[in-house]
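Please treat every number below as a calculation from the coordinates, not as lab data. Just so it is clear, the structure is predicted and the values come from calculations on it, not from any experiment. Methodologically, a virtual Cβ is constructed for each residue, glycine included, from the backbone with ideal geometry; neighbour enumeration extends over all protein chains shown.
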Amino acid sequence: MIEATATDLRRATLAEVREVSLRSGTRDFWADEAALFDRLSTSWAGLDDAAWHVPGAAPSDAGGPDWSLAEHVGHIVHWQELATAYTTEAIDTGRWPSDTDFDGGDFDTYNERYRAPWATMPRDEILERSAVARRDVIAAAGRLTDAEIRSDAAWGWVFMTLHGHYLDHAGIIEAWTATLRIRQNDGDPFIDDPRPTDHAAFLATD
């Protein structure tokens, strides 16, 4: 594994970042979260609202239509909102979730069912929800000690919503937003061409 101090999580290649042992006790859990979130949010900075809703970022793993940037970011937000609740419950009761709590462990189907709000939600509303969700889950997880966060019971659930999802989606989001940025810089309005393609039909309606 790469040494803790050797890799800039914001600027290194994703392959290098994935080689870092983020669970190591030498890591600063919260600094790593901040760096990974900065990396991801920088990728979509400045993109128009319309660009957020263009499908094609990635195919659906559950047979639905292709995902957009809005849905990818919304997916991260959704899980952070969930994590605030289940982390708080775990602190109070000692019970962390299990995979079977989410469509019997079929996460592809579960995630597909929660795409709808984000597909049409405006970019600014998504970003507002993201800011609140991230603040709340950090506050909830901040009640845990570092040892508790890195324990077998908690790690998968805390790490996934504060590091893992950023990394899982970065490969898709960074490549997709780079494509969208080129299109935006070239003047693409990200809407269907309003000009008629059937001129005979158009003239017949005049």
Q | Cut-off 10 Å between beta-carbons: net charge of the residues surrounding ALA12, Lys and Arg +1, Asp and Glu -1 | A | +1
Q. Mean shadow of segment 152-192, computed from the convex hull of its alpha carbons, in nm²?
A. 3.8
Q) Working out 0.36 nm times the residue gap between GLU148 and ILE172, then minus their Cα-Cα distance, what length gain in nm do you get to one decimal? A) 5.6 nm
(Q) How charged is the neighbourhood of HIS53? Take every other residue with its Cβ under 9 Å from the Cβ of HIS53, and add Lys/Arg as +1 and Asp/Glu as -1. (A) -1
Q: Could you tell me the distance between the Cα centroids of segment 92-112 and segment 19-45, to the nearest Å?
A: 24
Q.
From the mean inverse distance of alpha carbon pairs (Kirkwood) and the Cα radius of gyration, derive Rg over Rh for segment 28-72.
A. 1.12
Q. By how many degrees, 0 to 90 and rounded to 10, does the Cα axis of helix 69-93 deviate from the longest principal axis of the chain?
A. 30
Q) Could you give the nm distance between label points at THR13 and ARG183, where each point is 7 Å from its Cα heading toward the beta carbon? A) 2.7
Q: Determine by what factor the alpha-carbon radius of gyration of the chain differs from 2.2 N^0.38 Å, reporting the quotient.
A: 1.20
Q. Which value, in nm² and rounded to one decimal, describes the direction-averaged projected area of the C-alpha convex hull of segment 88-158?
A. 5.7
Q. Summing Lys, Arg as +1 and Asp, Glu as -1, what charge do residues with Cβ under 13 Å from the Cβ of GLY164 carry, GLY164 excluded?
A. -1
**Q.** Alpha-carbon gyration tensor eigenvalues x 5, square-rooted, for segment 1-123, Å
**A.** 26, 23, 14
Q. What ratio of Cα Rg to 2.2 N^0.38 Å holds for segment 1-54?
A. 1.37
